[in-house]
Structure formats: structure tokens, C-alpha cells
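The values are calculated or read from the model by the stated rules, or taken from the named source; none is laboratory data. Treat the numbers as computed from the prediction; the structure is a model and nothing was measured. Because the Cβ atoms are built from the backbone with ideal geometry, glycine has one as well, and the counts that use them run over all protein chains shown.
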Amino acid sequence: MLEYARGNVPDYQMAAFAMAVFFRGLDGAETFALTDAMVRSGETIDLHAAIGRKVVDKHSTGGVGDKTSLAVGPIVAACGVPFGKMSGRGLGHTGGTLDKLESIPGFRVELTTDEFLQQVRDVGLAIIGQSANLVPADKLLYGLRDVTATVDNVSLIAASIMSKKIAAGADAIVLDVKVGDGAFMKTIEDARELAELMLELGRHAGREVACVLTDMDQPLGHAVGNALEIRETLATLRGEGPADFTELVLSASARLLAFSDLGVDEAAGRERADAAARDGSALAMYEGWIVAQGGDPAEDALPTASVVRDVEAPRAGYVNAIGAVDVGMAALRLGAGRQTKDDDIDHAVGVLCLKKRSDSVDTGETIAQVHAQDEESAARAAEEVVAAYTFADDPPAPTPIVLETIG
């Protein structure tokens, strides 16, 4: 992989390798060898040595309305545990953490490695864009997999994710593996296979890792769209967030605190995380973090859309399901996401799913809101959003946000 990153291995040979892996797979030892080679293709960071403490991180495989890291980071840091994360941008119906952060006026996602380390040391929290020198082989290989239809392979997915997490240097990592309509892994069995492989890779590299398998058959929380998701993050840090999102944030935070050097178990970690979201310390940490990276933390500084259109229920009953991909694609077409890596993003637009699965509704009641820049796109998105909802006379069986925990 190092020679490929240096340009000494031609694309056609690496494409043949990717195709062979796609059809024949890799065993555990081979997957670790690939991951290790990808890590060694670029620079690595030793956060523990630089900070002098255990540093934690959280990663998601991507979903609709997934702003979890933006709330987990401040909560964990407010509890006294350093949180350092390198993140990415969104493509298609899944949003990217960096895109959400760039909704905040002035926020800098590009810091040097020294600046990153200094901020984790001084503030306790930093989330930045991935360094170009971090795992360059993965970026090259992923681009090749994309054009050769070899993305959908568990070994290659696990190696791609874990090479970046290992190189970024956190001691302990919680991996959120999404399952369902809006996720890459559609079934619990596939998600479990990916989670167990990533867990094994992390432990081989000397990291403490836990995987949570979480529901993505409907959008997470209410907000889908960059500035809208920042507002929902702020509400959650005040202890006022949607129930499903709050539960996932507290669950992930509790696990990270149990991994830390505080000497607490998961139950005590949950109590501390909940307290931080209620006593103002998590919100204060958020504000200090945003200022440290050049941003304005005030909620009224976030961009707003020109048009807000209510989406009404076509019938009475209960929300039976909400198509996560359908809502994500509606937000994307409003401008909240990108279909190619060079597309510009409108940070103000998006969708609020005000009614979620199992909620009761009356005919004509507002179930969602579309935030758009003109009436035409608002009307089109409203049609797409109402079509994403299905209704029933009886409420569906409840589904927990955390489906399973591994590790």
C-alpha cells in the first residue's frame, strides 16, 4: 500500500486486487495486514503521548440526521475526558460532520496536527478534517473502489474505517454501526459482521473498542440538514433533545467515559453524561470548543432558510414508518448534501421530521417542516417528505435506538 500511495503501483493492478478481494474476501489476518499497511502509508498521531492522558473518539458509519459526535464530544469533554476526532464530509443522503460544523460562521475545520493536539490539550475537544497525510492509501483505494464497483465488501470497509481511526491516535473508540433503510448495512447480521471485524482490528492495534448497532430505519432525531442539526445538537446539550437522539448520545458518552482514565463504570458514566447535559457544563464546553476553532457559538448566528413549509398528515392514525433514505434525498435535493464531491452545500436548508414512528397524528396535523430557499423547491420537497411517511391504524411495535452492543 505504501508503494501504491507513492505512485509506484499502477491503478490497474490495485483494481485487480480490489476485485479479487471483493469476490474472494479476506480472512482476519489478511484484513489486519491490509489495515496495518494502510496506516503505515502516511503519518500517524500518538494522542496519548501528546496529551499525557487517554483520549477517546467516536465514529459512525453514516446515516440520515446523524449529528451524534457533535453532542458526544462536548459531553465527554465536560466530564473531563479529552476527545479528539478527525472527521469527513457527506456524500449522497448521508451527512458529514464537517459540513454540519461549517454551518457555524467562522468555524475552521482545517487545523495543523500541532494545532489539533494543542486544542485537545488546552480545551479538551477538537473535531477537524482528516489530514491529507493520514492514510493516503485509503483515499486512493476508496476512489478506485468507487469506480470499479468494489465498495460493498466488509473487509475493505472495515480496513478503510479502522485504518483512519488507528492512525488518528485515540486510545479508545466507540463505533456506531447504523442498520436499516438509511444505512449502508441493511440487516442486523451484516452490521454485526462489520462490527465484529472492526472490533478485532482495533484490538489488534492495541485500541479499546466497542460497537453499538443502532437503528437507521428512520432519521435520527428530528433534524436533517446542517444548521438544523446544529440547532438540535444545542437543544440536546441543554437536555431538551429528541428522545431517540438523546438516548444514543448518552449511551455512547457513557461507554467512552467507562473507557477513560476516570475509573468509572458505564452506569456511573451515564450519570455523569446526563448531569453534564443538564447542568450547563456540556453547553459551556461546546461554546468554548467552537470559539477555539474560530466559530460563533450563538444559535442565532446560524443560517436560516428563506421558506419554511409545513408538511401535513394526509390521514389520522399512527406513523408506521419514515423512509430514511427518502427524507435524506429530499434534503439533498434542497441543497443540504452533495451528489458529487465538488458540489456546494446550502447549510440553511433541510427537513424537520416532527412526528416519528409510533406517534399519533390527526388529519392535517403538521408532521414535518421543509426549510428551503424558494417556494418551488419547498413544494417539491414537501411532496417527497409526505411520501416518505406511512401510516397505520395502530402503532407499530417500538424499536430501541440501540439495537445491540458488541465489545
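Quick look at the numbers
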read-out	value
Among the candidates Ala275, Ala282, Ala252, residue that is of a type in the set (Gly, Ala, Ser), part of a helix (DSSP H, G or I) and without any contact (Cβ under 8 Å) to a residue 40 or more places away in the chain	Ala275
Positions within segment 309-353 being aliphatic (A, V, I, L, M), assigned to a loop (DSSP other than H, G, I, E, B) and out of contact with any helix residue (DSSP H, G or I) (no Cβ under 6 Å at 6 or more places or on another chain), in sequence order	Ala313, Ala316
When residues of segment 387-407 are limited to those that are of a type in the set (A, V, I, L, M) and surrounded by fewer than 15 Cβ atoms within 10 Å (Cβ to Cβ), the one farthest from Leu220 (Cα to Cα)	Ala392
Val55 crowded, with 24+ Cβ neighbours inside 10 Å, of a type in the set (A, V, I, L, M, F, W, C), closer than 30 Å to Glu229 by Cα and in contact with a Pro (Cβ under 6 Å, 6 or more places away or on another chain)	yes
In segment 252-268, the residues that are within 21 Å of Gly124 (Cβ to Cβ) and not charged (D, E, K, R)	Ala252, Ser253, Ala254, Leu256, Leu257, Ala258, Phe259, Ser260, Leu262, Gly263, Val264, Ala268
Scan of segment 255-272 for residues that are part of a helix (DSSP H, G or I), under 27 Å from Gly52 (Cβ atoms) and of a type in the set (A, V, I, L, M), ordered by number	Leu256, Leu257, Ala258, Ala268
Residue within segment 208-225 that is in a strand (DSSP E or B), within 22 Å of Arg255 (Cβ to Cβ), modelled with pLDDT under 95 and among the hydrophobic types (A, V, I, L, M, F, W, C) present	no
Qualifying residue in segment 333-345 (condition: within 21 Å of Ser377 (Cα to Cα), modelled with pLDDT of 95 or more and within 19 Å of the chain's Cα centre (by Cα))	no
Condition met for Lys58 (touching an Asp or Glu at 6+ places or on another chain (Cβ under 6 Å) and of a type outside the set (Val, Ile, Thr))	no
From the options Ser377, Ser306, Ser360, residue that is more than 25 Å from the chain's Cα centre (by Cα) and under 30 Å from Glu110 (Cα atoms)	Ser306
Condition met for Ala378 (surrounded by 13 or more Cβ atoms within 10 Å (Cβ to Cβ), touching a Leu at 6+ places or on another chain (Cβ under 6 Å) and closer than 18 Å to Met329 by Cβ)	no
Of all residues making up segment 283-296, the number that are in contact with a Phe, Trp or Tyr (Cβ under 8 Å, 6 or more places away or on another chain) and surrounded by 20 or more Cβ atoms within 10 Å (Cβ to Cβ)	3
Scope segment 31-52; condition of a type in the set (S, T, N, Q), assigned to a helix (DSSP H, G or I) and surrounded by fewer than 24 Cβ atoms within 10 Å (Cβ to Cβ); matching residues	Thr31
Output for segment 243-267, where each listed residue is more than 22 Å from Val81 (Cα to Cα) and buried (at least 19 other Cβ atoms within 10 Å of the Cβ)	Asp244
